[in-house]
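A.B. asks: Here it is, the structure, as structure tokens.
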């Protein structure tokens, strides 16, 4: 499926800093992340528990889809999506290469 340039422009990608990491109470492959996006805080449910430890994630800056419609995942509302690349069994979070402020738009 192809997405037009106009459709793509509707997505808001931003830098977010992971503040809190909690194992999802109803799924052993999910974390519940509290992220800071500029001045706002959001909750994001992410299926990265198999690939990253809690301490490894705290304070990490990642790229998120900031304007994704909320979705309830195993009873918890997720307000965005963390971007990651996967190849086989390896999952890698998409992160800024240089120091970048939380909330910075990704273009």
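A.B. asks: Can you compute the helix-only [θ] at 222 nm over the chain? Use -39500 (n - 2.57) per DSSP H run of at least 4 residues, normalise by all residues, nearest 500 deg cm²/dmol. The partial results should precede the final answer.
C.D. replies: Details: 2 runs with 8 residues, N = 107.
One gets -1000 deg cm²/dmol as the mean residue ellipticity at 222 nm.
A.B. asks: Under 19 Å from the 7 Å Cα→Cβ point of residue 7, by amide nitrogen: which residues of segment 56-99?
C.D. replies: 65-70, 81
A.B. asks: Turning to a different aspect of this structure: Ranked by Cβ crowding within 10 angstrom, fewest neighbours first, how are 92, 34 ordered? Before the final figure, lay out the partial values.
C.D. replies: Values: 92 12, 34 15.
Taking fewest neighbouring Cβ atoms as first place, the list is 92, 34.
A.B. asks: A further question on this structure: Arrange the peptides 53-64, 80-91 so that the one whose residues have, on average, the most other Cβ atoms within 10 Å appears first. Provide the component values of the computation, followed by the final result.
C.D. replies: On the way: 53-64: 15.8, 80-91: 12.7.
For the peptides 53-64, 80-91, the packing ranking is 53-64, 80-91.
A.B. asks: Alpha carbons only, please: Rg and Dmax for segment 58-107, in angstrom.
C.D. replies: Every Cα atom of segment 58-107 included, Rg and Dmax give 12.7, 35 Å.
A.B. asks: Here's something else I'd like to know. Could you work out the relative contact order of the chain, using alpha carbon pairs under 8 angstrom and six or more residues apart, expressed as a whole percent?
C.D. replies: Numbers: 216 pairs, mean separation 33.0, N = 107.
The normalised contact order for the chain reaches 31 percent.
A.B. asks: Indicate the gyration tensor shape class of segment 25-81 (rounded, prolate or oblate), computed on the Cα atoms with a ≥ b ≥ c the square roots of the eigenvalues: a/c under 1.5 is rounded; otherwise a/b larger than b/c is prolate and the rest oblate.
C.D. replies: Values: a/c = 1.98, a/b = 1.09, b/c = 1.82.
Here segment 25-81 falls in the oblate category.
Where a number appears in this text, it was derived from the coordinates with a stated rule and is not lab data. Given the structure is predicted, the values throughout are model-derived calculations rather than measurements. Cβ coordinates were reconstructed from backbone atoms using ideal geometry, including for glycine residues, and neighbour counts include every protein chain displayed.
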